[in-house]
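Below: one structure, written as structure tokens.
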Amino acid sequence: VTDSFPITQVVLRPGVIDLGWGSPDPTLLPVGEIGAASSAILREAGPSALSYGAPRGPGPLVEWLSQRLAGTRPPRPEWLVLTAGASQALDLFCTLFVEAGEIVLVEAPSYHLARKILRDHRATIVPLASGPEGPSTEELRATVAALRNAGKRCRWLYCVPTFNNPGGWSWPQACREAIVAEAAALGLTLIEDDVYRELAYSEPVAPPLADLAPEGVVVRLGAFSKVAGPGLRLGWLQAPPGITSRIVESGLLDSGGGIAHFSAMVMAELCRTGGFDAHVARMRTGLRERRDALLAALAESLPAGCRWTAPQGGYFVWLELPGDTDGTQLLPLAEAHGVSYLPGATFYPEGGGERHLRLAFSMYGPDALREAGRRLGDALRVDGAA
Ligand SMILES: Cc1ncc(COP(=O)(O)O)c(C=O)c1O
């Protein structure tokens, strides 16, 4: 193995604690459990674990998911289709439903690489301001009206309402209800990216938009990536049967069968035996401990004027810098102090977030996170003194 052909996406730089990666700590991943479930499924299902899979995904996992995702309105299995992670669910949805050049509203800030997928499909991205309180219905209505009055088609809004990437916050219940009602009135489909839902560090978690909206207003994306390992490449799309059946009948699934079939069979086994629930509990404990370590280090080490979110779930802390400190400009100095992050501007399509940073507490243990907080504090003090 050489540096040009690494095994994993994350490549670390010596001496730098890199809080830029939204990846799980490798020491938290269920390596032994996945090994045991793989052996068991090969023993029990034999060659059908290695065959072309059922296009929607293997029945036992689809049925388990339909229970797992049950809130007030459990999705029936026909509402689900398994994919190779949430990224591929979004990509496949765009392939089949979003026309080139079409507008997609994107919550700002929100996950920058979803924007990249949308751009791969030649969508035109229009930001919708958001934050801890979620987007405002007035602004949503005005933005859609302005676009439509200009003769443009506007059908989609991509958002991360629960344990937001990069903010860590969750839209309040009242905002959820107002946005789904407004979307329904406007004939807008909400693409709800819900990959962090399992990683709640205190109860209760706000209900998914998909549970609050009239049927057909929400397409919901989810995945096992953040909780059981992104290398499994296993996620899903939840939408009305008219949408999932179009996906199930697509050329991609007809040619290749169900996506990530072997991973799905292994996960079905892990879920059946209760191993998944036990792992989720360990993951929550491990990540809560990491969040607390980073938050304590920020409180101890950062200079006055810094403010940050205290996320109740997910992977991220969103930090506001003091005065006119710019997150992008600070980065080289921070890295010289041995800590890195993603500048806030990364998460805005058209400007914004200059005074913010996203810090991921997901990939390092508590000691490294405490050290990262100290290094960031040192860099900020040097910057302030300069
Ligand atoms: C909001 C959000 N959606 C999707 C993804 C990617 O999910 P997956 O690995 O399942 O493709 C990420 C990863 O950072 C994310 O933060």
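The values are calculated or read from the model by the stated rules, or taken from the named source; none is laboratory data. From a predicted model like this one, the values you see are computed outputs, not experimental measurements. Don't worry about glycine lacking a Cβ; one is built from the backbone with ideal geometry, like all the others, and counts go over all protein chains shown.
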Subject >> region 229-261: number of residues that are of a type in the set (D, E, K, R) and either within 28 Å of TYR315 (Cβ to Cβ) or touching an Asp or Glu at 6+ places or on another chain (Cβ under 9 Å) (or both) >> reply: 1
Original post:
If ALA70 satisfies every condition in (1) more than 16 Å from the ligand (Cβ to nearest atom); (2) buried (at least 16 other Cβ atoms within 10 Å of the Cβ) but one, which is the exception?
Top reply: (2)
**OP:** Pull up region 96-144, narrow it to residues that are hydroxyl-bearing (Ser, Thr, Tyr) and within 15 Å of the ligand (Cβ to nearest atom), then point me to the one that is farthest from PRO343 (Cα to Cα).
**Re:** SER130
**OP:** Mind telling me which of the residues GLU249, GLU215, GLU198 ends up being modelled with pLDDT under 95 and among the acidic types (Asp, Glu)?
**Re:** GLU215
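Before we move on, is ARG76 more than 16 Å from the ligand (Cβ to nearest atom), over 24 Å from GLY314 (Cα atoms), surrounded by 18 or more Cβ atoms within 10 Å (Cβ to Cβ) and over 21 Å from the mean Cα position of the chain (by Cα)?
No.
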Original post:
For region 68-110, how many residues meet the condition of being hydrophobic (A, V, I, L, M, F, W, C), modelled with pLDDT under 95 and over 27 Å from ASP254 (Cβ atoms)?
Top reply: 1
Original post:
Which one of the conditions (1) exposed (fewer than 11 other Cβ atoms within 10 Å of the Cβ); (2) under 30 Å from PHE347 (Cβ atoms) does ASP25 fail to meet, given that it meets all the rest?
Top reply: (1)
Subject >> Filter result (closer than 13 Å to ASN164 by Cα and more than 16 Å from the chain's Cα centre (by Cα)) within region 199-216 >> reply: none
**OP:** Might you check whether a residue that is hydrophobic (A, V, I, L, M, F, W, C), touching a strand residue (DSSP E or B) at 6+ places or on another chain (Cβ under 6 Å), closer than 17 Å to ILE259 by Cβ and assigned to a loop (DSSP other than H, G, I, E, B) occurs anywhere in region 45-66?
**Re:** yes
Subject >> Of residues in region 79-89 being buried (at least 23 other Cβ atoms within 10 Å of the Cβ) and among the hydrophobic types (A, V, I, L, M, F, W, C), the one farthest from the ligand (Cβ to nearest atom) >> reply: TRP79
Original post:
Does region 345-356 contain any residue that is among the β-branched types (Val, Ile, Thr) and over 27 Å from TRP171 (Cα atoms)?
Top reply: no
**OP:** Would you mind stating whether LEU147 is farther than 15 Å from LEU190 by Cβ, more than 21 Å from the chain's Cα centre (by Cα) and more than 13 Å from the ligand (Cβ to nearest atom)?
**Re:** yes
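Take ALA260 and tell me if it is buried (at least 21 other Cβ atoms within 10 Å of the Cβ), touching a residue at least 40 places away in the same chain (Cβ under 8 Å) and over 26 Å from ILE17 (Cβ atoms).
Answer is yes for this residue.
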Original post:
So which pairs qualify, if the first residue must be in region 163-188 and closer than 21 Å to GLU203 by Cα, the second must be more than 16 Å from the ligand (Cβ to nearest atom) and among the acidic types (Asp, Glu), the Cβ gap must be under 8 Å, and the two must be at least 6 apart or on different chains?
Top reply: TRP171/GLU133; PRO172/GLU133; CYS175/GLU133
Subject >> Subset tally (residues that are more than 16 Å from the ligand (Cβ to nearest atom), within 15 Å of ARG155 (Cβ to Cβ) and under 21 Å from the mean Cα position of the chain (by Cα)) for region 172-198 >> reply: 1
Original post:
Does any residue of region 90-106 turn out to be in a loop (DSSP other than H, G, I, E, B) and surrounded by 15 or more Cβ atoms within 10 Å (Cβ to Cβ)?
Top reply: yes
Original post:
When LEU357 is evaluated against the numbered criteria (1) surrounded by fewer than 20 Cβ atoms within 10 Å (Cβ to Cβ); (2) without any contact (Cβ under 8 Å) to a residue 40 or more places away in the chain, which criterion, by number, is the only one it fails?
Top reply: (1)
**OP:** Could you please give the count of residues in region 322-354 that are hydroxyl-bearing (Ser, Thr, Tyr), farther than 17 Å from ASP25 by Cβ and buried (at least 17 other Cβ atoms within 10 Å of the Cβ)?
**Re:** 3
Original post:
Does region 150-171 hold any residues that are of a type in the set (A, V, I, L, M) and more than 16 Å from the ligand (Cβ to nearest atom), and which are they?
Top reply: ALA150
